Amino acid sequence: MDALAALFDGFAIALQPINLMWALIGTFMGTAVGVLPGIGPALTIALLLPVTANVAPTSAFIMFAGIFYGAMYGGSTTSILLNTPGESGSMMTALEGNKMARKGRGAAALATAAIGSFVAGTIATLGLTFLAPPIAELAFIFTPPDYFALMLLAFLSVSVVLGASRVRGFIALFIGLALGLMGIDSQSGVQRLTFGLPALLDGVEMTVVLVSLFAIGETLYVASRFAGQPPNLNPLAGGAWMTRADWRRSWKPWLRGTAIGFPIGALPAGGSEIPTFLSYAAERRLTAHPEEFGHGAIEGVAGPEAANNASAAGVLVPLLTLGLPTSATAAILLAAFQNYGLQPGPLLFINSGDLVWALIASLYVGNLMLLILNLPLVGLWVRLLFIPRPYLYAGILIFALVGIWGVANSWMDLAMMFGVGLMGYVMRVYDFPIAPVLIGLILGPMAEVQLRRALAIGQGDPMALVSTPLSAVLVTICVLILVVPPVLSWRRARRVAAGST
Amino acid sequence: MIRTLIGAAAAVVTTAGLAMADPAVVMAPGGPGGGYDAMARQPFEAMAADGIFTDGATFTNRGGAGGTIGLAEFVNANRGNDNAVMSMGSILVGGILLNDSPVTLEDVTPLARLINDTGVVAVGTNSPFQTIDDLVAAMKENLGGVSIGGGSAGGVDHIAAALIAQGAGLDPKAVNYIAYDSGADAVTAIGGGAITAAISGVSEFKPMADAGRIRILAVTSEERFPGIDAPSLKEAGIDVAIGNWRGWVGAPDMSEEGRQMWLDRLTRMHEGEAWQKVLETQGWEDAFLAGEDFVAFLEEEKARQAGVLRDIGLID
Amino acid sequence: MEQQKRPYWLAAAVALWGIVWVWQGLRLPLTDRYAYIGPGLPVVGIGAGLVILALILALQIRGGVPFEEQSAEDVSADHHVSWYGLAFAAAGAAVPMLTMRHLGFVITCMLAFWLITRAFRSPRPALDLVIGAVVSLGAWYLFRLLGVQLGGLLPIAGI
C-alpha cells in the first residue's frame with residue numbers, strides 16, 4: 001500500500017527527537033492558551049501561528065499539530081475543575097465533569113477526558129488518513145433540509161438537560177433563542193433587535209454569554225452564600241486514577257463520541273457543538289447508570305470530550321481533500337498550510353504528498369504528546385482546587401476578563417458580562433438550568449438560517465423539509481422521540497389499570 | 001563614558017523594541033475561506049515573503065450582512081489603532097446602503113484597491129443546464145423555481161443575479177436568492193444540487209470547476225476570462241458586466257503616519273514578486289489604486305451602487 | 001422570606017422580555033416572498049413563547065411551586081445569603097465596565113481581583129491588592145506576548 005509506506009516515511013520524520021520536542025512545545029502552548037475562557041481553538045491557533053514561522057517546515061507542522069490538539073483539549077480542564085467552560089465545545093463536559101470534581105473524582109474526569117481525546121483523535125486521524133475522500137462527500141450530500149432536520153434532532157435530544165422543571169428549562173431555552181435573534185439577519189440583511197446600537201449589529205457573542213453565565217454567575221452565587229470555611233473536600237479522595245469500573249464505563253462513550261463527532265465535524269455547518277450535544281444525549285439514554293446523570297456520570301464526560309476532539313479532526317477532511325475551510329479554525333489552518341506551499345484541494349496528495357504525510361504523521365504524534373503531557377499533569381491540575389477560595393474566584397474573574405476583553409475589546413461585551421452574570425446568579429437561586437440558554441443561543445440561529453433556506457428553495461412548500469431521504473429519516477426519528485415515550489407510558493398505565501381490575 | 005553607556009543602553013532598548021514582533025490586527029468581514037478572508041490573508045503572505053512586513057497578523061473573521069457586521073466590529077474595536085486594517089470591497093459598499101448601516105466607510109481610513117475578482121455563474125456538474133441560455137430559459141419559465149445562491153443579501157452576487165433577471169425581461173425583485181456566508185458554502189450547495197445555480201468569484205469557484213465538481217456557465221466580466229471556457233454574459237446576449245473589487249481600509253482615526261506607512265507597504269508589495277505570484281494562483285486581476293485616487297473611486301462606487309440597488313428595488 | 005416563596009417578579013421579567021421581542025418583531029417584515037418566514041416572524045414567535053411560558057410560570061408560582069437553590073461547592077449548607085458578599089462580587093463584575101477603557105486592563109483586573117477577595121472575606125486586604133496587581137500584570141504581559149490584544153498599560157496616559 002502506497003499510503004501506508006508514505007505514512008511510515010512521514011513517521012520517520014515526525015519521530016526524530018528534535019521534532020518530538022517541537023511537538024511537546026506546541027502541545028504545551030496550545031493547552032496554555034486553550035484553557036482561557038472565551039478563547040477557542042481558532043483564536044488560539046491564530047495567536048500562536050507566528051511562533052511556528054521561525055522553524056523549518058516539517059518541524060513547524062509538527063508543532064502545529066500539537067497546538068491544534070492542545071487548543072482543542074485545553075478547555076476541558078477548566079470546565080471540569082472550575083465549571084467554567086471557555087468555548088462551546090466543552091460546555092457539555094462541564095455538566096457532568098464538574099459534578100465529578102465536586103465529589104472528589106476530578107482526576108478521573110480529567111483522565112477520561114484526556115484518554116478519550118487521545119482515542120478519538122487517533123481514530124479520527126486514522127479516518128482522515130484512509131477515509132477522507134468518501135467522508136468529504138458528506139459536504140455535498142447535506143442540503144438545507146438535512147441540516148435543519150439534524151438541528152431539530154439536536155434540539156430534541158438535548159431536552160434531557162432541561163432539568164426537573166420543564167417550564168423553567170423551556171424559559172432558559174427561549175432566553176437563549178431570544179438572544180440569538182439579535183443582530184443583522186443574514187438572510188435578508190435586516191437589523192433585528194439592535195435598538196439602534198451599532199455594538200449589537202454583530203449580535204450577541206456566544207463565548208461572552210457562556211463565560212458570563214458559568215464563571216461570573218457562579219462567582220456571584222458562591223460569594224453570596226460562602227460558608228467561609230477552607231476547601232473541605234480532598235480533590236483526590238476518589239483516587240488519582242480511573243478505576244476499573246471507570247474504564248469499563250468510558251470506552252464505549254469514547255467510540256460513540258468519535259463516531260458522532262468525526263462525520264459531523266466534516267460538514268460545512270457541523271462545528272463542535274452539535275456533536276457534543278448529541279453525544280451527551282446519546283450517553284444519557286444509553287447509560288446503565290441513569291441515576292448518576294446530573295450528579296457526575298463519567299459517560300457524560302467521556303462521550304462529549306471524544307466527540308469534541310473527533311470533530312476537530314473532521315474539520316481537516318474537507319480542508320485537505322477539497323480545499324474547503326468549513327470553520328474559522330480550518331481557515332486559519334489553510335493560511336498556515338499555504339505559508340509552506342501546501343495548497344489544500346483535490347490535487348494536494350499529488351502535488352505535495354511528502355509534506356502532507358509528514359503533517360498527518362504529526363497529527364498522530366501531536367495527539368500522543370497531548371496524552372503524555374496531560375496525564376501526569378492531572379494530579380497537578382486538581383491541586384488548583386486547593387487554592388484558597390478568595391484567590392481562586394478572583395483568579396477566575398481575571399481569566400474570564402482576558403478572554404472577554406481580549407477577543408473584541410468591546411465595552412458592550414463587558415456590560416453583557418455583568419448583565420448576563422447577574423442573570424446567571426438569579427437562575428441559580430431560582431433553579432433554572434443554565435445549559436439550555438447556550439443550546440438555544442448556538443442552535444437557534446443555525447436552525448433558523450437552514451429552515452429559511454430550505455423553505456425558500458422549496459418556494460414555501462413545507463414538504464421541502466422532508467424532501468431528501470436523509471431529512472425524512474431524521475425527522476422520523478424526531479417524531480419517534482416525541483411520540484414513543486408517551487405512548488409507551490400510556491400503554492403501561494393501561495396495562496396496570498387492566499391488571500388491577 | 002556614562003553618557004555613552006546610557007546611549008548604548010537606549011540603542012539596545014530601541015532595537016529590542018523594533019525587533020519585538022508587533023502583529024497587525026486584521027478584520028476579514030466575511031466567512032472563512034471566502035473572498036474577504038483571502039483578501040485579508042494573502043497580502044500579508046506576500047509582504048512577509050518580500051520582507052516588507054514580517055511581524056505577522058492576527059485575523060478575525062466576521063461574516064454576514066454584506067460585511068457590515070465585520071465593519072461594525074472593526075470600528076468598535078480598533079479606533080485609532082495604526083496597526084489595524086480590514087479587507088473590504090464592493091459588497092461592503094452595497095451592504096452599507098442596504099442595511100442602512102450606522103457604521104459606514106466614512107468611519108474608516110481608505111487605503112487602497114488591490115484586485116478585481118470577476119464573477120462567475122455556475123451550476124453543479126449533474127445539472128441539466130449546459131449553457132447560460134438554458135438557465136435563463138428556466139428562469140423565464142418559473143423564476144421562483146430557480147434558486148440562485150451567493151454571498152450575503154444585496155451583495156455583488158445578489159446584484160448580478162437581479163441584473164441577469166432584469167436583462168432577461170424578468171422582475172429583478174422576484175429572484176429566489178439564497179444568501180450564504182461565503183462562496184465556499186455556496187459551492188457545496190450547487191455541487192450537491194441543493195440549489196440550482198450560484199454566483200461567486202472566479203477565485204472561489206475555479207478550483208472546484210477544475211476538479212470537475214461544478215460547471216461554469218458564464219463570467220460577469222466584459223470579455224472572456226483567460227483559462228475559463230465560458231462566455232461573458234455580454235457575449236451571451238445579457239447586457240450585464242459587474243466585478244467584485246477588493247481592497248483595504250485602515251482603522252478609524254488612523255494617524256497620517258499610520259496611513260502613509262500602510263500605503264508605502266502596499267505600494268512596495270504591489271511592485272514585489274510575491275504579490276504577482278499571489279495574483280496568479282488566486283486568479284485575481286490586478287487593480288491597484290492607492291491613496292486619494294482610491295478615495296475618489298469609493299465615492300463613485302457608492303453613487304453607482306446606490307443607483308443599481310434602487311433600480312432593482314432593493315433599497316428605496 | 002416571603003419574597004422567595006412567591007417570586008412573581010420572575011414571571012413578570014420573562015413576560016416583559018417576551019413583550020419587547022414581540023413589539024420589535026412586529027416592526028420588521030414578517031413574511032418573505034419564497035420562504036414565507038421573514039426576518040420578523042421568528043422574533044414574534046420567540047417573544048410570544050416567552051410570554052406564554054411566563055404565564056405558565058406565574059400559575060405555577062401561584063400554585064406554590066418550590067424554588068430550591070442549586071447546589072454548588074463552597075456554598076453553606078443552609079444557603080445563608082450574605083448581601084455583603086454579593087454586593088462586593090457584583091461590584092467586582094461591574095468594575096470593568098467603568099474602568100477598562102481609561103485605566104486599562106491591569107488596573108481594572110487589580111481592582112476586580114481585590115473586590116472579589118473582599119466578597120470572600122479574605123483577611124488581608126493589603127496583601128490581596130498586591131497579589132491582584134502581580135497576577136494582573138503577569139496575565140497582561142504573558143497573554144500580550146502570546147498575541148492576545150489586551151490594550152495598553154494605562155490607556156488614559158497613552159501607554
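Side notes on the structure shown:
- Annotation note: of A:360, A:439, the sole residue that is closer than 30 Å to residue C:79 by Cα, of a type outside the set (Gly, Ala, Ser) and surrounded by 22 or more Cβ atoms within 10 Å (Cβ to Cβ) is A:439.
- Some residue of the stretch A:120-137 being under 29 Å from residue A:385 (Cβ atoms), in contact (Cβ under 8 Å) with a residue 60 or more places away in the chain and in contact with a Pro (Cβ under 8 Å, 6 or more places away or on another chain): no
- Residues (surrounded by fewer than 16 Cβ atoms within 10 Å (Cβ to Cβ) and among the acidic types (Asp, Glu)) located in the stretch B:101-132: B:106
- Counted residues, the stretch C:73-92 - those being under 25 Å from residue A:415 (Cβ atoms) and either of a type in the set (Val, Ile, Thr) or loosely packed, with under 15 Cβ neighbours inside 10 Å (or both): 2
- Residue within the stretch B:110-117 that is among the polar types (S, T, N, Q) and farther than 16 Å from residue B:70 by Cβ present: yes
- Of all residues in the stretch B:274-283, those satisfying the criterion of being in contact with a helix residue (DSSP H, G or I) (Cβ under 8 Å, 6 or more places away or on another chain) and in a helix (DSSP H, G or I) are B:274, B:275, B:277, B:278, B:282.
- Taken over the stretch C:17-47, the criterion of being at the interface with chain A (Cβ under 7 Å from one of its Cβ atoms), hydrophobic (A, V, I, L, M, F, W, C) and not in a loop (DSSP other than H, G, I, E, B) is satisfied by C:17, C:21, C:43, C:46.
Here's the yes/no breakdown for (1) away from chain C (no Cβ under 14 Å); (2) closer than 30 Å to residue A:404 by Cβ; (3) modelled with pLDDT of 90 or more:
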position: A:208; (1), (2), (3): no, yes, no
position: A:211; (1), (2), (3): no, yes, no
position: A:229; (1), (2), (3): no, no, no
position: A:248; (1), (2), (3): yes, no, yes
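- Checking each residue in the stretch A:71-85 for being within 13 Å of chain C (Cβ to nearest Cβ) and either within 13 Å of the chain's Cα centre (by Cα) or assigned to a helix (DSSP H, G or I) (or both) picks out A:71, A:74, A:80, A:81, A:82.
- Qualifying residue in the stretch A:399-417 (condition: under 24 Å from residue A:222 (Cβ atoms), assigned to a loop (DSSP other than H, G, I, E, B) and modelled with pLDDT of 80 or more): no
- The set of residues from the stretch C:52-78 being part of a loop (DSSP other than H, G, I, E, B) and either of a type in the set (Gly, Ala, Ser) or more than 7 Å from chain A (Cβ to nearest Cβ) (or both) comprises C:63, C:64, C:65, C:66, C:71, C:72, C:76, C:77, C:78.
- Of the numbered criteria (1) assigned to a helix (DSSP H, G or I); (2) within 27 Å of residue A:322 (Cα to Cα); (3) touching an Asp or Glu at 6+ places or on another chain (Cβ under 9 Å), the one residue A:250 fails is (2).
- Residue A:447 within 30 Å of residue B:192 (Cα to Cα) and either in a helix (DSSP H, G or I) or modelled with pLDDT of 90 or more (or both): yes
- The set of residues in the stretch B:75-93 being at the interface with chain A (Cβ under 10 Å from one of its Cβ atoms), part of a helix (DSSP H, G or I) and at pLDDT 85 or above consists of B:75, B:78.
- Residue satisfying condition, being touching a Leu at 6+ places or on another chain (Cβ under 9 Å), outside any helix (DSSP H, G or I), modelled with pLDDT under 90 and surrounded by fewer than 19 Cβ atoms within 10 Å (Cβ to Cβ), within set B:286, B:253: B:286
- Filter result for the condition that a residue is farther than 29 Å from residue A:191 by Cβ and touching a Pro at 6+ places or on another chain (Cβ under 7 Å), over B:165, B:138, B:211, B:194: B:211
- Within the stretch C:79-111, restricting attention to residues that are closer than 19 Å to residue A:406 by Cα and either part of a loop (DSSP other than H, G, I, E, B) or of a type in the set (S, T, N, Q) (or both), the residue that is nearest to the other protein chains (Cβ to nearest Cβ) is C:108.
- Search result, residues across the stretch B:4-52 that are among the aliphatic types (A, V, I, L, M) and at pLDDT 85 or above: B:24, B:25, B:26, B:27, B:28, B:39, B:40, B:46, B:47, B:48, B:49, B:52
- Picking from residues in the stretch B:58-74 that are at the interface with chain A (Cβ under 7 Å from one of its Cβ atoms) and in a helix (DSSP H, G or I), the one that is modelled with the lowest pLDDT is B:65.
- Restricting C:140, C:114 to those that are within 10 Å of another protein chain (Cβ to nearest Cβ), part of a helix (DSSP H, G or I) and in contact with an Asp or Glu (Cβ under 9 Å, 6 or more places away or on another chain) reduces the list to C:114.
- Considering A:159, A:212, the condition of being touching a helix residue (DSSP H, G or I) at 6+ places or on another chain (Cβ under 8 Å) and surrounded by 22 or more Cβ atoms within 10 Å (Cβ to Cβ) is satisfied by A:212 alone.
The values are calculated or read from the model by the stated rules, or taken from the named source; none is laboratory data. The structure presented is a predicted model; accordingly, all values stated were derived computationally and were not measured. For neighbour counting, all protein chains shown are included, and Cβ atoms are generated from backbone atoms with ideal geometry for every residue, glycine included.
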